[in-house]
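The values are calculated or read from the model by the stated rules, or taken from the named source; none is laboratory data. Given the structure is predicted, the values throughout are model-derived calculations rather than measurements. Every residue, glycine as well, gets a Cβ built from its backbone with ideal geometry; the counts of neighbours run over all protein chains shown.
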């Protein structure tokens, strides 16, 4: 009766659990950033929506990793290293310009770079749409929206396939 009947509910449960574990440091850092660099109230809600979307994407990747670990446990380390490299080169802590030109090209191929850059640009540029249009490209928005929509769907499809293939009982 209590077990989730839908994989989207399972994914949402993972999302809520991870969000609650990270809630206190996230609120503290968000308040410090807001005190140091205040922004418009509309942008606060937009940034919180992006934070929630990032949690959804990362929870979907976690579900994908768990499905992969059920089916191919011996290769799980390669997948984890790939995710860590993608997150390392997403430029959350440092700008893309510190890398050599060749690595900057590979950073430009990283979808996480566009998500975190979108978050940074929205915070810094505010609601001045004339300036924001110059820096926020359609690539930022398309990458963000496609990852928010496609990642949960693909992870649940693969999880269901692995779930049925191995005849797992329980959730």
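Of the helices (runs of 4 or more DSSP H) lying entirely inside the stretch 1-103, those containing at least 3 residues that are exposed (fewer than 10 other Cβ atoms within 10 Å of the Cβ) are 7-36.
Only residues that are free of Cβ contacts under 8 Å to residues at least 40 places away in the same chain and within 15 Å of residue 158 (Cα to Cα) were counted across the stretch 52-67, and they come to 1. Condition test on residue 154, is it under 16 Å from residue 46 (Cα atoms), modelled with pLDDT of 85 or more, in contact with a helix residue (DSSP H, G or I) (Cβ under 8 Å, 6 or more places away or on another chain) and surrounded by 12 or more Cβ atoms within 10 Å (Cβ to Cβ)? No: the conditions fail for residue 154. One residue stands out in the stretch 86-106 among those that are within 16 Å of the chain's Cα centre (by Cα) and farther than 30 Å from residue 165 by Cα: the one that is modelled with the lowest pLDDT, namely 93.
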